[in-house]
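What follows is a set of notes on a single structure, which appears directly below.
The values are calculated or read from the model by the stated rules, or taken from the named source; none is laboratory data. This structure is a prediction, so every number in the text was calculated from the model and none was measured. Neighbour counts are summed over all protein chains in view; Cβ atoms, including those assigned to glycine, are modelled from backbone coordinates with ideal geometry. Just so you know, the surface numbers come from the protein's heavy atoms only, side chains and all, with ligands and any DNA or RNA stripped out. Shrake-Rupley method; radii C 1.70, N 1.55, O 1.52, S 1.80 Å.
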Amino acid sequence: PPRHHTSHQRQQTEHSSLLQPTPTDFSYSSNSTINQTMVLSAINLLAITLALFSVPRNMPPLAAKDDVADREKQHIISTSDYGARKNHPTSYDNSPSFKGPLQLTQKESPDFYRKRIRGYYLDNEKLCNTLHEQLPTTLTLGPSTPTGTILKSIVDHLARSDAPVDVKEVAESTEFYLRSGKRLIGAARRVLQNNAAKCKNSNGNSKTSKIKNTITIQDLCSGHGLTGLLFLACNPPGRFSDTRIRAVLVDQFEPKSHAILRDCISEICPWVAESVSFYSSGLEKFASQQRKDEDGSCDDSDSTNVQNNDATIIISTHACGSLTDMVLEYAMDVESASVAVMPCCYTGTDSGVPYGVRRMLGVGLSADVRRSFTLQDRGYLVDFAAVPRAITPMNRIVVAERRK
C-alpha cells in the first residue's frame, strides 16, 4: 500500500490481500479437486467390475411373488426335521381319495353306508338310471379288459340284482383290491419265477417236464368272500399267460349271501365260478391242515410229467382283534409270497410294545408297527396303505412281500 496510508489502513489492505488467492494457488486447488474426483470414479468402477464378475453366469430368472410363496410353502413341509415324508409320491396318506367306481362322501357315522348297494343307487341321482339298464348282451370281459371296467361292471350288476351286500362292504373290497392287488400278485409271480428256475437247475437235462404255475389266493375270515371274488374277477384267465389263479375262502361257516354273490359276479365274469371254493372251518383248524411248505416248492408228477409250481397270497379284511395276528402268523409259517390285512378291534393287540410308544402312537398304530417288525424279521418287506376314511375309520392296510 502507498506510504501515505496509515498503519491501520495498511493492515486492512494486507488482510484483504491474503483472502484473495493468487493465480498459482487457484490452479493448484482446482487440480487437486479433479484428481480426487478421478480417484473416486476409478474406485467405483473397480467395485462395479468386481461385483459383476463375482455373480454366477447362469443366473435364474427373477421369481414372482407366487413362486416365492410356493417355495416357502415347500420349505415348510420339507422332511429336514426327520418327520413323516410329505409332498412325495411314496408318502403315506391316511385318508386317500377313492380309486374305485363308488365315490362315498365323509359322513358323521360310518353306519350311514350300512345299506344295500341297490338302496344306495336309488338314493343317488347319477346312479339311479343304471338300475333301469339291462345287462348288455354284448358285454364281454376278458384278459385285456381294464380293471376299472371290470369293477364298474360288477358293482353296477350287484346293484341291479339287489345283491345282499352293503355299499360299505362293496366299497371296502374294491378299494382294498385297488391298493394291494397289484403288489400281492406281482410278489407271487416273482416267487413262481424263482421256483421255476430252481426246478430247472435241480432237474438239469435228465428229463423234460412242463411247469404248471398256480397262484392261490386265500381269503381268511372272509365272511361272504366278496374280496376274494374280486381278486379272481379282476385277473381273468390269460392275463398272465403262464399262470392260473384260484381263490380259497375260509370262515367258520358259509353264509347264504356267498352263493348269491358268487353267481351274480359269475354272470359277467364266468371264470369266477370255476376257480373259487369255500371252506367252512375255523382258522386254527384250516391252518393245521395246510402244509408248512405251501410255498417255495415244485412238486413233480411222474404220471403227467408236469411240475406244479405254487405260490400263495393271504388276504384278510377286518379280522377281529387277535385273529389278524393269527392270519399273519399262518402266512409266515407257510411262507406265503405276500400278505395283506386290514386289522380292526385293536383292543389288547399292542402287547409287547413299549409303554412310551403306545402312549405316543396309540393302541392301533402301535399294534401294526409291532406286526411290521415281526414280518420284517421273517423276511418280508412291509409297507402301509389305506382305504378312504369315509368307508371306515379303521382303514389301514398292512402289506408284506416275501423277499427271503
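Numbers below:
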{"read-out": "Extension gain (nm, one decimal) between residue 357 and residue 196, 0.36 nm per residue minus Cα-Cα", "value": "53.6 nm"}
{"read-out": "Protection-proxy order for peptides 227-234, 164-171, 92-99, 254-261, each taking the mean of Cβ atoms within 10 Å per residue, highest first", "value": "227-234, 164-171, 254-261, 92-99"}
{"read-out": "Cross-link pairs beyond the 26 Å C-alpha cut-off, checked among 152/404; 200/404; 152/256; 115/182", "value": "152/404; 115/182"}
{"read-out": "Of all accessible heavy-atom area on region 216-267, the percent that carbon and sulfur account for (1.4 Å)", "value": "49"}
{"read-out": "Gain on full stretching of the segment that runs from residue 290 to residue 394 - 0.36 nm per residue minus C-alpha separation", "value": "34.5 nm"}
{"read-out": "Modelled FRET efficiency - R0 45 Å, residue 97 with residue 263, Cβ distances, 0.05 increments", "value": "0.90"}
{"read-out": "Placed amide H near residue 346: partners under 5 Å, 5+ positions off or other chain", "value": "none"}
{"read-out": "Relative packing of 125-131, 154-160, which averages over residues the other C-beta atoms within 10 Å, highest first", "value": "154-160, 125-131"}
